[in-house]
1. In this structure, does residue 221 turn out to be under 16 Å from the mean Cα position of the chain (by Cα) and either surrounded by 16 or more Cβ atoms within 10 Å (Cβ to Cβ) or within 24 Å of residue 33 (Cβ to Cβ) (or both)?
2. Suppose we keep only residues that are free of Cβ contacts under 8 Å to residues at least 60 places away in the same chain, of a type in the set (A, V, I, L, M) and open to solvent by less than 40 Å² (accessible area, probe 1.4 Å) within segment 76-105. Which one would you say is farthest from residue 204 (Cα to Cα)?
3. Determine if segment 61-72 includes at least one residue that is over 15 Å from the mean Cα position of the chain (by Cα) and farther than 20 Å from residue 174 by Cα.
4. Inside segment 202-230, can you point out the residues that are farther than 17 Å from residue 96 by Cβ, part of a loop (DSSP other than H, G, I, E, B) and not β-branched (Val, Ile, Thr)?
Amino acid sequence: MGSGGAQAEARRHAVIFLGAPGVGKGTQAKEVARALQVPHLSTGDMFRDHVGRGTGLGQKAKPVMQSGELVPDEIVLGMVEERIARPDCERGFIFDGFPRTLAQAEALDRILAARSFGKSTVVLHVVVAEEQLLRRLTGRRSCKLCGEIYNVFDRPPKQEGRCDKDGGELVLRDDDREEVIRARKAAYERQTRPLVAYYQNKGALVELDGVGAPEAIARKVLEILGAGGA
Ligand code: AMP
């Protein structure tokens, strides 16, 4: 191991994607996770998985998600804590859609400090012009089988309605309907936007232009993390 160990340590990152619904966090976070070979932890995906499997947690989350509101902090935090305690998170992880409230951010600080990720936490604030946001949300389709995200305007699949990877059916998420989108945006403004100032004050925030190909954005993120090209 030798210096390789020290290098690996320096590259151990907790990355948080922060941004309004529709900025493309999911696609970008997946791309970066693939490049860094660390888990992509989307709390939204975790909840959708619970809902799909009909677990107790899923039954609690389902009506909240359908309304566009946020699932209570205790539920989210319990789920996240359990997930990042698994061995595959040892080398780092990418959060997408978490934290979403000040209470979640404060709890996460404690969790990350306990796992020695405190100093290597980078928060990417993804910014996209307002008119782009709605287009991204209403155009979004995801694969029923693997969760891969497409956009009928900006990133269409090769064959309409089918996933390029596994041919799975591409579906509109329940919460991408227009009235739910409005509620999700309101929840973001009220509960999540304050995190921008929170992380800015900690000196952990980096602004990221969310317009462009996901691969190009991922390259930019790797540069920010000091992991580009090496
Ligand atoms: P997303 O796919 O990240 O947009 O999440 C879909 C829905 O899951 C949200 O609208 C919330 O209802 C719920 N959710 C996901 N992540 C969180 C979180 N960190 N805190 C509270 N609710 C969440």
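The values are calculated or read from the model by the stated rules, or taken from the named source; none is laboratory data. A quick note: this is a predicted structure, and the numbers were derived from the prediction, not measured. In this analysis, Cβ positions are derived from the backbone assuming ideal geometry, glycine residues included, and neighbour counts consider all displayed protein chains. Only protein heavy atoms, including side chains, enter the accessible area calculation; ligands, DNA and RNA are left aside. Shrake-Rupley method; radii C 1.70, N 1.55, O 1.52, S 1.80 Å.
1. Criteria met by residue 221.
2. 79
3. no
4. 202, 203, 212, 213, 226, 227, 228, 229, 230
Listed here are the residues, each with its yes/no results for (1) within 16 Å of residue 22 (Cα to Cα); (2) open to solvent by less than 80 Å² (accessible area, probe 1.4 Å); (3) hydrophobic (A, V, I, L, M, F, W, C).
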site: 146; (1), (2), (3): no, yes, yes
site: 150; (1), (2), (3): yes, yes, no
site: 153; (1), (2), (3): yes, no, yes
site: 168; (1), (2), (3): no, yes, no
site: 181; (1), (2), (3): yes, yes, yes
site: 194; (1), (2), (3): no, yes, no
site: 200; (1), (2), (3): no, no, no
